[in-house]
Each structure stands twice: as C-alpha cells, then as structure tokens.
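Written below as structure tokens is the structure these notes are about.
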C-alpha cells in the first residue's frame, strides 16, 4: 500500500523557521551527555555535532562525577570546523573530593566555565532523595552511596573550605552555580561569594529539588544572579517533568527576562534529547507570547553574558 507523507502546513513551517532563527547562536549551559556512569543518550561529540547543525554557538556539559574540561578541549582542538564550541565545568561531589580547591584550580586552568556546588552529595539532595521518585544510578548501582558535602557550619555560616573554593572561582572569573543546595543555603553562599569577588552567579533550577519560591527567584535575580530553568522539568512528555508548563511563565516573570537563562538539562536516556528539549522550550515561550528577541535573550544572550562568551552568541 502506498502511503503519502503529510507535508507540514505553511503555518507549521513558519513556526519551525522562527524556532530555527531564535536558536541560531544559542547556548545550552547544562547538558548531561556522556560518557558517564549513568546511561546517556548521546556522547559529547555527538552533542556538539547535533547542535552545530542547528546553529548553536556553544554548549556546557555537566557530569555529577567528573570535570569534562579535558574532553571539551580535545573536541575543540580536533574539530575546529564544528560551529558549536564545547565547554564544561566541575560539580563538587565526592568523586572530585568535595570542596576541593585543587580540583577547581585544575578545572579553571583547562578552560572550565562553571563550578557547581554539590549536587548528588549536597545535604539537601540527600534529604530530597529519600522521598523522590527517582534516584541517580551513580548513587544506587555503580558506586558507594554519596557522603554529604556540607557548605555551612553549625552556626549557618559559610565553611572555610567553601570560602577557599569561592576565592579560586573569583580569581579565575568563573561561574558559581548553586547546584542542589537548598535555597536557604544558596542565599548565604551567594552573599559570601559576592563579598569575595565572585561576579558570575547561576541559581540552578529553583523549580525542583532546591525548594525555591517565586520570591526567592525575584530576590536572587535582584542580587545579580542568573536564574537557570531546566526545561525538562516543565515540558509535557519529559520523564523529568515536575511542574506544569505555566509555572515556567511565572518563574520568568519573577526573575525577569533579562535575568533568565533556559537550559535543557537533558542527555539522559528515556526522554527527548537536548536539542529537541530546547526547541520545545522555545515553542512554549512563543505560546506564552514572548517576543522572538526576548526568547533569544533567554537561550543565547543572557547565557553568553554570564559565561563570558558574548562574542560566541553573536
């Protein structure tokens, strides 16, 4: 039997063309590509090739267990023809020694862009994981359970080892991201970071795990931090969806377009990929009524600014 493929309508074609244009020069600052001890749907090189075809300026890979800076440098050096430039950073979990200034210095020396406060080893994450519906395979299958990496002392003051890491971040003009700290900890760490000269701050997915409210989003944005929203937590069809789609609009309004960055937070198996997630996120923002220019800010310009890659996003 002959089957004819239905062609997209002119309206659908125009919508897809708008998404293409908005994402030209985009940067995804939070992607979980592989290799990793957790199952990943694509590796770092596949990711860069896919995003290059879509016209992205840059991408930042994140692994909970290792700094991806060496791999990023290898890809940049050996595949200069790829439009998308790949960067990475370090998450301060057990595998890298927790609050380890040596590891942060090494990450900086190899061009690392972001230092994430503890994620899987955050005290808040370990509390959250006890009641969460999902568990990261790194802590349940292939490695010993995570040990907490605290950031505050008994008096709710920033610990000395955290201050040492903050000083390295400030010296190298890197981004400090809040990771999976509880929002109450993020306020304290960010305030100390600014006192110590850290100028680039990202509040990681306030919508999930960290218990951020819209007032927190508004206040932390007023500090000068970028508010990073993980699209996978809002999009219908994502296995990580924990919010309804309208919640994204409320978060954007709370932080303001100029202080908002959108990331996929994707790359895992069993759901759509990072590029598809970014396209769906752009489409959702179009449905909210944001202008193409404002959406481009949230997927490109703002991200470039906080990463120090203004020329990359054009």
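Details
- Counting the residues of the stretch 268-279 that are in a helix (DSSP H, G or I), in contact with a helix residue (DSSP H, G or I) (Cβ under 8 Å, 6 or more places away or on another chain) and surrounded by fewer than 20 Cβ atoms within 10 Å (Cβ to Cβ) gives 0.
- Under the condition of being under 21 Å from residue 128 (Cα atoms) and in a loop (DSSP other than H, G, I, E, B), the residues counted in the stretch 191-206 number 2.
- When the stretch 1-20 is filtered for residues that are modelled with pLDDT under 90 and assigned to a helix (DSSP H, G or I), the ones remaining, listed by number, are 10, 11, 12.
- The requirement of being under 21 Å from residue 106 (Cβ atoms), touching a helix residue (DSSP H, G or I) at 6+ places or on another chain (Cβ under 9 Å) and assigned to a helix (DSSP H, G or I) is fulfilled somewhere in the stretch 28-47, by at least one residue.
- Per the listing 188, 209, the residue uniquely out of contact with any helix residue (DSSP H, G or I) (no Cβ under 7 Å at 6 or more places or on another chain) and either outside any helix (DSSP H, G or I) or surrounded by fewer than 20 Cβ atoms within 10 Å (Cβ to Cβ) (or both) is 188.
- Residue match in the stretch 170-179 (condition: closer than 28 Å to residue 283 by Cβ and out of contact with any strand residue (DSSP E or B) (no Cβ under 6 Å at 6 or more places or on another chain)): no
- Counting the residues of the stretch 280-294 that are outside any helix (DSSP H, G or I) and over 24 Å from residue 216 (Cβ atoms) gives 2.
- Checked against (1) in contact (Cβ under 8 Å) with a residue 60 or more places away in the chain; (2) within 17 Å of residue 72 (Cβ to Cβ), residue 99 passes all but condition (2).
- In the stretch 221-233, residue surrounded by the fewest Cβ atoms within 10 Å (Cβ to Cβ) [restricted to those that are assigned to a loop (DSSP other than H, G, I, E, B) and at negative phi]: 223
- A residue that is over 20 Å from residue 299 (Cβ atoms), free of Cβ contacts under 8 Å to residues at least 60 places away in the same chain and surrounded by fewer than 24 Cβ atoms within 10 Å (Cβ to Cβ) occurs somewhere in the stretch 81-92.
- Search result, residues across the stretch 247-267 that are buried (at least 24 other Cβ atoms within 10 Å of the Cβ) and either in a helix (DSSP H, G or I) or in contact with a helix residue (DSSP H, G or I) (Cβ under 6 Å, 6 or more places away or on another chain) (or both): 255, 260, 261, 262, 264, 265, 266, 267
- Within the stretch 284-295, the set of residues being buried (at least 17 other Cβ atoms within 10 Å of the Cβ) and in contact (Cβ under 8 Å) with a residue 60 or more places away in the chain comprises just one member, 295.
- Annotation note: of 57, 70, the sole residue that is in contact (Cβ under 8 Å) with a residue 12 or more places away in the chain, crowded, with 22+ Cβ neighbours inside 10 Å and more than 15 Å from the chain's Cα centre (by Cα) is 57.
- The single condition among (1) part of a helix (DSSP H, G or I); (2) closer than 21 Å to residue 104 by Cα that residue 218 does not meet is (2).
- Flag for residue 244 being surrounded by fewer than 21 Cβ atoms within 10 Å (Cβ to Cβ) and over 24 Å from residue 195 (Cα atoms): yes
- Qualifying residue in the stretch 234-241 (condition: touching a residue at least 12 places away in the same chain (Cβ under 8 Å), in contact with a strand residue (DSSP E or B) (Cβ under 7 Å, 6 or more places away or on another chain), more than 17 Å from residue 16 (Cβ to Cβ) and crowded, with 21+ Cβ neighbours inside 10 Å): no
The values are calculated or read from the model by the stated rules, or taken from the named source; none is laboratory data. Computed from a prediction, not measured in an experiment: that's the story for all the values here. Glycine gets a Cβ as well: all are built from the backbone with ideal geometry, and neighbour counts include every protein chain shown.
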